[in-house]
Amino acid sequence: MKHAIILAHPARKSLNAAIAKAYAETVERLGHEVVVRDLYAMRFDPCLHASEIPGPKAPKFRSDVLRERERLADVDVFALVYPLWFNAPPAILKGYIDRVFSMGFGFAPTFGGTKPCLEGRKLISFTTSGAPDFWMRDTGALSGLMRLFDAHLGGACGLTVVDHAHFGGMVSGITQEAFDEVMAKVRTTVAAHFRAHPPLAA
């Protein structure tokens, strides 16, 4: 299997970056292939351009979007790694989804609407927040995000949503013990979902 880890955090040594690294190491040990898309390091432009909006004319995508679609063309699993800011994904990730997963990649026009183009592929997410887990649960913040973002993206594009692992109460200066617990949870979650899949042919 081929995994695309889409990381959306501006700090190179962030907890989110460590999560992305742990994910990559785990699936590589399982014999899978990994491509990492670090959106801030790439300086990805999240702004949807007028020419990219579907309308009477076919959308015309810029070269950065076309390059991304080429890199992701044979990906089996899309892994999103990001912090929650105001209970939502960072703007750069939302813009990446808006531009890359739109018409011609995530879905295609059909009579009376659209049809998904990524059926048979998977979506998994790992998120962090400063708010504690009980607050995310009791306020409905996490369930709302999963309904409006994960489920909608999966439905529009045909992706199977396999999991969303969230780590609350993550603030600057967390203990080594807390960090180790997060890394262990990432590794066990990834292994649980993808260990059964055969490694890539040599």
Quiz item: Would it be correct to say that residue 118 is more than 18 Å from residue 82 (Cβ to Cβ), touching a Gly at 6+ places or on another chain (Cβ under 6 Å) and surrounded by 13 or more Cβ atoms within 10 Å (Cβ to Cβ)?
Solution: yes
Practice problem: Of the conditions (1) over 19 Å from residue 42 (Cβ atoms); (2) in contact with a strand residue (DSSP E or B) (Cβ under 9 Å, 6 or more places away or on another chain), residue 104 clears all except one; give me its number. | Solution: (2)
Quiz prompt | Matching residues, segment 130-171, being of a type in the set (Gly, Ala, Ser), part of a helix (DSSP H, G or I) and surrounded by fewer than 13 Cβ atoms within 10 Å (Cβ to Cβ) | solution = 143, 155
Quiz item: Given the residues 72, 39, which is the only one that is of a type in the set (A, V, I, L, M) and within 16 Å of residue 123 (Cβ to Cβ)?
Solution: 72
Quiz item: Could we say that residue 127 is β-branched (Val, Ile, Thr), in contact with a Leu (Cβ under 7 Å, 6 or more places away or on another chain) and part of a strand (DSSP E or B) here?
Solution: yes
Exercise. Answer yes or no as to whether residue 56 is in contact with a helix residue (DSSP H, G or I) (Cβ under 7 Å, 6 or more places away or on another chain), not hydroxyl-bearing (Ser, Thr, Tyr) and not in a strand (DSSP E or B).
Key: no
Quiz prompt | Pair list, Cβ under 9 Å, 6 or more apart: segment 154-165 residue over 15 Å from residue 98 (Cα atoms), other residue surrounded by fewer than 19 Cβ atoms within 10 Å (Cβ to Cβ) and among the hydrophobic types (A, V, I, L, M, F, W, C) | solution = 158/117; 161/146; 161/151; 163/192; 164/146
Quiz item: Of 8, 24, 18, 58, which residue is without any contact (Cβ under 8 Å) to a residue 60 or more places away in the chain, of a type in the set (A, V, I, L, M, F, W, C) and farther than 15 Å from residue 105 by Cβ?
Solution: 24
Quiz item: With 93, 66, 48 as the choices, which residue is under 12 Å from the mean Cα position of the chain (by Cα) and either within 27 Å of residue 194 (Cα to Cα) or surrounded by 12 or more Cβ atoms within 10 Å (Cβ to Cβ) (or both)?
Solution: 93
Practice problem: Would you mention how many residues in segment 12-46 are over 20 Å from residue 190 (Cα atoms), outside any helix (DSSP H, G or I) and at pLDDT 95 or above? | Solution: 4
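The values are calculated or read from the model by the stated rules, or taken from the named source; none is laboratory data. This is a predicted model, so every value here is computed, not measured. We place every Cβ from the backbone using ideal geometry, glycine too, and count neighbours over all the protein chains shown.
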